[in-house]
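The structure appears right after this line, and notes come after that.
Just so it is clear, none of the values below were taken in a lab; they were calculated from the coordinates. Everything numeric in this text was worked out from a predicted model, so none of it was measured. Ideal geometry is used to build each Cβ from the backbone, glycine not excepted, and the neighbour counts take in all protein chains shown.
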Amino acid sequence: MSFQSNAGIRYYQFENLGDGLIQAVFTRQGGLSPDPWAALNLGGTVGDDPERVRVNRQHALSALGRELGSVYDVWQVHGTQVAIADAPRWPETPHLRADIILTNRTGVTLMMRFADCVPILLHDPAHNVIGIAHAGWMGTVKGTTRIAVEAMQARFGTNPEDIRAAIGPSIGPDHYQVGPEVVMQVRQAFGRAASGLLGGRSGATMLDLWAANRLLLEQAGVRKIELAGLCTACHTEDWYSHRAEHGRTGRFGAIIALND
């Protein structure tokens with residue numbers, strides 16, 4: 001993964017997702033929003049001015065050669081619902097509640113927003129299918145990432161071994177302290193493997209969302225996995241972090257699209 005910059009917009013791109021794609025995880029740099037959302041806030045439900053958010057989204061997409069009107073996004077609810085994007089979502093159309101979006105249409109840009117949760121980008125070059133998923137601790141224990149792969153199989157005939165997957169910037173295991181109720185659900189979801197996902201430090205229990213989502217991908221049959229390894233809580237100069245910024249912050253965006 002490497003940083004790129006265009007028209008004042010700074011973003012990260014994965015190396016292993018393959019050709020024929022437009023993909024990026026935007027940093028918070030290059031936008032118009034003031035504190036506490038400074039600067040490239042793409043989240044419309046965190047108190048920022050809606051017009052600033054719209055302009056930020058337009059600038060971010062333009063840096064990658066995409067139009068704002070090509071976007072399909074959803075209302076993310078920490079679940080496992082799948083949205084199939086056959087066309088962009090028009091502004092007057094209500095958001096579908098979902099945490100997985102898939103498409104095989106070149107005119108559609110899939111977008112999600114993050115501030116500690118894990119962005120998962122997926123590409124099946126054999127069937128020309130892409131996907132994006134949002135997984136916090138709740139989505140992780142529900143198996144959102146694995147369900148995304150299964151949905152690609154069911155809807156598009158994807159072979160998981162063909163999928164190229166990328167795990168984006170999110171809160172790292174050194175900063176993600178969780179309580180007993182989360183620990184219990186992780187143990188229920190992952191069984192014996194949970195011990196490798198939970199670590200102790202100074203009496204606290206830490207959850208490794210990166211390892212958990214890699215495991216879910218591997219369990220689904222995916223072998224080509226790239227991990228950014230970038231902690232949002234460590235690097236708030238680049239990323240929004242709900243945990244590190246005490247809930248008063250913006251949302252960075254991730255996009256993936258098939259080349260026209």
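Data for the structure
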{"item": "Residues that are farther than 16 Å from G30 by Cα and outside any strand (DSSP E or B), drawn from region 3-17", "result": "F14, E15, N16, L17"}
{"item": "Lone unmet requirement of (1) surrounded by 14 or more Cβ atoms within 10 Å (Cβ to Cβ); (2) of a type outside the set (S, T, N, Q); (3) in a loop (DSSP other than H, G, I, E, B) for A24", "result": "(3)"}
{"item": "Odd one out for G199, checked against (1) closer than 30 Å to P125 by Cβ; (2) part of a strand (DSSP E or B); (3) not aliphatic (A, V, I, L, M)", "result": "(1)"}
{"item": "Every residue from region 21-80 that is of a type outside the set (A, V, I, L, M), closer than 16 Å to A257 by Cα and over 17 Å from the mean Cα position of the chain (by Cα)", "result": "Q58, S62, G65, R66, E67, G69, S70"}
{"item": "Selection count where residues are assigned to a helix (DSSP H, G or I) and touching a helix residue (DSSP H, G or I) at 6+ places or on another chain (Cβ under 7 Å), scope region 44-67", "result": "3"}
{"item": "Members of region 202-211 that are in a helix (DSSP H, G or I) and in contact with a Leu (Cβ under 7 Å, 6 or more places away or on another chain)", "result": "W210, A211"}
{"item": "Some residue of region 137-149 being farther than 19 Å from Q219 by Cα and either of a type in the set (A, V, I, L, M) or in contact with a helix residue (DSSP H, G or I) (Cβ under 7 Å, 6 or more places away or on another chain) (or both)", "result": "no"}
{"item": "Qualifying residue in region 139-147 (condition: crowded, with 23+ Cβ neighbours inside 10 Å, over 13 Å from A212 (Cα atoms) and touching a Ser or Thr at 6+ places or on another chain (Cβ under 9 Å))", "result": "no"}
{"item": "For D238: the one exception among (1) in a loop (DSSP other than H, G, I, E, B); (2) under 28 Å from D162 (Cα atoms)", "result": "(2)"}
